[in-house]
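Quick note: the coordinates plus some simple rules give every number you see, no bench work behind them. Values in this document were obtained by computation on a predicted structure and should not be read as measured data. No Cβ is skipped: glycine too gets one built from the backbone with ideal geometry, and neighbour counts run over all protein chains shown.
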C-alpha cells in the first residue's frame, strides 16, 4: 500500500512536470515585417538596354614570316548584333555585356552590381573578388552571398 501511494505521487509529479509550460532556452524564431511604402534609401541605379552594334566579319591571313594578321575581305558579311548596355548614371560608366552570357551568371553579376554599387568588369572572377557582398554588408549580419 505504501508503494502504491508513492507510485501515485510519483505519477502525479511526472504528469504535472511534463504538462506544465516550459521555457525554451533556444532563441525564438523571429519574423520581419517590411513597409514597401516607406523606403529609407536607394542604391544607385543601373540603366539597362539592348544596343545593336554593327559588325563586319574579317579574315585571318598568314604573312610570309608566319605571323597572322586580321584583314578586311571583299566578301565579308556585315550586319548588327544585340548587346546589353549597362549605364551607371552616378559614375558615367558604361559596360557592354555579350548576349551569349549564361543567364545565371548575368543574374549574379547584376545582383552583385546592384548591391555593391560596383560596375561590372572582366574577367568576372576578378569582379566577384572586388565586389564581395561582405565588403559592404553590416558586420553583425552573417552573409554567404559570395558563392
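Numbers below:
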read-out: 4 °C / 1.567 mPa s Stokes-Einstein diffusion coefficient of region 72-140, Kirkwood radius on C-alpha pairs, µm²/s; value: 92
read-out: Estimated FRET transfer efficiency (residue 96, residue 33; beta-carbon r; R0 30 Å; 0.05); value: 0.15
read-out: Rough spin-label spacing in nm, given labels placed 7 Å along Cα→Cβ, for residue 51 and residue 132; value: 3.2
read-out: Centroid-to-centroid separation of region 30-59 and region 61-135 [C-alpha atoms, Å]; value: 16
read-out: Per-peptide average of other Cβ atoms within 10 Å, ordering 81-94, 108-121 highest first; value: 108-121, 81-94
read-out: Region 70-128 - percent relative contact order, Cα under 8 Å, separation 6 or more; value: 22
